[in-house]
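The values are calculated or read from the model by the stated rules, or taken from the named source; none is laboratory data. Computed from a predicted model, the values in this text were never measured in an experiment. No Cβ is skipped: glycine too gets one built from the backbone with ideal geometry, and neighbour counts run over all protein chains shown.
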Amino acid sequence: MKLGLGTVQFGLDYGVTNQAGRTSPEAAHAMLEHAAAHGVEVIDTAALYGDAESVLGQILPREHAFRVITKTLPLDPDRPAADAVATTVEGVRRSRARLCLPRLDGLLVHRPGDLLGHCGETLFAALARLRENGLVDKLGVSVYTSEEIYQLLARHPIQLVQLPLNPLDQRPLLSGALAALHKQGVEIHIRSAFLQGLLLAPPERLPAHLNALHPALRAWQARVRDLGLTPLPAALGFLKGIAGLGTVICGATNPQEWREIVSAYAAAPALPPDTFADLAVADERLIDPRLWPKG
């Protein structure tokens with residue numbers, strides 16, 4: 001498994017623990033330089049991440065070794081299927097223009113329902129034509145649940161999947177979905193490695209609307225102390241110990257945070273997969289940020 005740089009903070013004030021706001025272009029440039037110097041290969045972004053694509057297009061050097069992965073705009077359910085697909089495909093052209101790239105190393109359908117709904121085959125065929133024309137390398141999807149993974153594998157020849165995985169959210173590991181992806185040769189990218197930063201913050205700093213997560217976070221903090229680790233290398237070590245993962249996408253709000261992630265990744269031990277098995281939370285309302293109550 002390798003480390004990748006996530007860029008949602010380049011374009012949005014993102015994250016339940018983010019108190020610094022959006023990353024400045026100058027800080028983003030410094031993070032990109034540090035990533036390049038430390039062998040980071042994957043840069044992850046999306047059309048929905050504010051103007052993150054435009055920022056990247058401005059700061060990416062003309063010659064670079066990064067693999068740039070972006071995500072589609074969602075289909076518009078109020079438009080006829082052909083028009084909706086055409087608009088999403090046009091969005092890919094605009095993403096390439098904003099990124100100043102003639103070719104995308106990876107393109108993810110941002111909302112899995114777009115490929116699982118009635119327009120799924122039409123959309124995938126349209127995106128596959130971009131790949132056939134040399135405009136995209138790998139095609140895939142960003143998912144949330146194991147059920148989506150199994151449904152997508154049954155319907156589409158996807159090559160790349162991004163999914164959430166961390167010591168509290170172990171759904172794709174426990175369900176066998178990770179193994180299914182690996183068996184099919186699908187490249188796996190991990191997001192939400194720190195559960196929007198909650199795994200790194202003291203439980204007492206938890207927003208009041210997430211009080212239900214207190215017991216799980218206290219158990220996590222206690223286990224980390226028992227292991228003689230701190231939360232950042234422990235969370236990364238959990239992922240390092242899982243076979244078949246390609247890249248873990250980590251975002252940061254400033255260069256100092258990013259440097260700490262890179263250093264922790266290099267030093268983190270590969271922990272046995274069952275190290276945190278008893279900490280897995282089954283209630284999706286606690287581990288899926290889309291379902292969290294609004295603060």
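Can you give me the number of residues within segment 173-189 that are hydroxyl-bearing (Ser, Thr, Tyr) and either over 18 Å from Phe238 (Cβ atoms) or assigned to a helix (DSSP H, G or I) (or both)? Give the steps one after another, and end with the answer.
From segment 173-189, those hydroxyl-bearing (Ser, Thr, Tyr) are 175; that's our starting set.
Filter again for either over 18 Å from Phe238 (Cβ atoms) or assigned to a helix (DSSP H, G or I) (or both), leaving none.
So the count comes out to 0.
The single condition among (1) at pLDDT below 95; (2) within 16 Å of the chain's Cα centre (by Cα); (3) not basic (Lys, Arg) that Asn254 does not meet is (2).
State whether the residues of segment 211-228 include one that is free of Cβ contacts under 8 Å to residues at least 12 places away in the same chain and among the β-branched types (Val, Ile, Thr). Can you show your working first?
Residues of segment 211-228 that are free of Cβ contacts under 8 Å to residues at least 12 places away in the same chain, as a first pass: 211, 214-215, 222, 224-226, 228.
Restricting the remaining residues to those that are among the β-branched types (Val, Ile, Thr) gives 224.
Yes, some residue in segment 211-228 is free of Cβ contacts under 8 Å to residues at least 12 places away in the same chain and among the β-branched types (Val, Ile, Thr).
Among residues of segment 27-53 that are at positive phi, those with a beta-carbon under 8 Å from a residue that is of a type in the set (Phe, Trp, Tyr) at least six positions away or on a different chain give the pairs Gly50/Phe10. Among the residues that make up segment 214-224, is at least one of them under 20 Å from the mean Cα position of the chain (by Cα), among the polar types (S, T, N, Q) and either in a helix (DSSP H, G or I) or surrounded by 14 or more Cβ atoms within 10 Å (Cβ to Cβ) (or both)? Taking every residue of segment 214-224 in turn, none turns out to be under 20 Å from the mean Cα position of the chain (by Cα), among the polar types (S, T, N, Q) and either in a helix (DSSP H, G or I) or surrounded by 14 or more Cβ atoms within 10 Å (Cβ to Cβ) (or both).
Here Cys100 meets each of (1) without any contact (Cβ under 8 Å) to a residue 40 or more places away in the chain; (2) over 28 Å from Cys119 (Cα atoms) with one exception, condition (1).
Restricting the first member to segment 138-158 and to residues that are in contact (Cβ under 8 Å) with a residue 60 or more places away in the chain, and the second to residues that are in a loop (DSSP other than H, G, I, E, B) and charged (D, E, K, R), the beta-carbon pairs closer than 7 Å and six or more apart or on different chains are Tyr144/Asp288. Of the residues making up segment 205-240, those that are in contact with a helix residue (DSSP H, G or I) (Cβ under 8 Å, 6 or more places away or on another chain) and of a type in the set (S, T, N, Q) are Gln221, Thr230.
When segment 27-49 is filtered for residues that are touching a Phe, Trp or Tyr at 6+ places or on another chain (Cβ under 8 Å) and more than 19 Å from Ser263 (Cα to Cα), the ones remaining, listed by number, are Thr45, Tyr49.
Exactly one condition in (1) under 18 Å from the mean Cα position of the chain (by Cα); (2) over 30 Å from Pro25 (Cβ atoms) is not met by Gly197; state its number. Gly197 satisfies all of (1) under 18 Å from the mean Cα position of the chain (by Cα); (2) over 30 Å from Pro25 (Cβ atoms) except (2).
Ile158 - would you say it is of a type in the set (A, V, I, L, M), surrounded by 18 or more Cβ atoms within 10 Å (Cβ to Cβ), in a loop (DSSP other than H, G, I, E, B) and at negative phi? For Ile158, the condition - of a type in the set (A, V, I, L, M), surrounded by 18 or more Cβ atoms within 10 Å (Cβ to Cβ), in a loop (DSSP other than H, G, I, E, B) and at negative phi - is met.
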